[in-house]
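To start, the structure under review is shown below, and the notes come after it.
The values are calculated or read from the model by the stated rules, or taken from the named source; none is laboratory data. As the structure is a prediction and not an experimental result, all values here were calculated from the model. Positions of Cβ are generated from backbone atoms using ideal geometry, with glycine treated the same way; all protein chains shown enter the neighbour counts. These accessible areas exclude ligands, DNA and RNA; they are computed on the full protein's heavy atoms, side chains included. Shrake-Rupley method; radii C 1.70, N 1.55, O 1.52, S 1.80 Å.
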Amino acid sequence: STGLRQEYLVLQTMKKFVMDVLAIAADLDVLVILKTKRDHTKYVQPRYSRLLEQMQKQQHLICLPGSVSATQVIKSSNMVISLPFTSTALIAKEYKRPSFYYDPTGVIYEGDIGAHGIPILKSKNVLEQTVQKILNYEPV
């Protein structure tokens, strides 16, 4: 991988990632724990911070500050969905948690070496099917 271009990590991509994951969580009635990389500082876009604050008002999302240990959160999780190519996916793999990257834009090559063998899911439908399978979800 040559690394992700800065243009990938924009508000639009982050928003679609969060919205897609939360829509699936609501459909399946599961809780999402979103651990930010950093606390709300000059490195975090204010609009993204506001989006997370609004989304937290929903039942299916808890946001944890950057000061919380990613390892501790991962060890108590059923699965980890990561934005490419963040280290949380690798940590989850190390602790034998189901782990995959979700690329909400669909632009990242599935065989990108930056994934280190962790699957890259490129559509909301595939993401939902994968989550259902991991949770052994049976529709009512």
Quiz item: Any residue at all in the range 114-130 that is within 18 Å of Gln12 (Cβ to Cβ), modelled with pLDDT under 90 and outside any helix (DSSP H, G or I)?
Solution: no
Quiz item: For the range 34-46, does any single residue satisfy the condition of being in contact with a Phe, Trp or Tyr (Cβ under 7 Å, 6 or more places away or on another chain), part of a helix (DSSP H, G or I), modelled with pLDDT under 90 and loosely packed, with under 14 Cβ neighbours inside 10 Å?
Solution: no
Self-check item: Candidate set: the range 120-139, residues that are closer than 10 Å to Pro104 by Cα and in contact (Cβ under 8 Å) with a residue 60 or more places away in the chain; chosen: the one most open to solvent (accessible area, probe 1.4 Å)
Solution: Lys124
Quiz item: Do you know which of the residues in the range 112-129 that are of a type in the set (Val, Ile, Thr) and over 13 Å from the mean Cα position of the chain (by Cα) is nearest to Met79 (Cα to Cα)?
Solution: Ile118
Self-check item: Hits in the range 96-106 - residues which are surrounded by 13 or more Cβ atoms within 10 Å (Cβ to Cβ) and either touching a residue at least 60 places away in the same chain (Cβ under 8 Å) or closer than 24 Å to Gln72 by Cβ (or both)
Solution: Arg97, Pro98, Ser99, Phe100, Tyr101, Tyr102, Pro104, Thr105
Self-check item: The lone exception for Pro98 - which of (1) modelled with pLDDT under 95; (2) touching a strand residue (DSSP E or B) at 6+ places or on another chain (Cβ under 9 Å) it fails
Solution: (1)
Quiz prompt | Selection from the range 108-119 of residues that are surrounded by 13 or more Cβ atoms within 10 Å (Cβ to Cβ) and either aromatic (Phe, Trp, Tyr) or touching a residue at least 40 places away in the same chain (Cβ under 8 Å) (or both) | solution = Ile108, Asp112, Gly114, Ala115
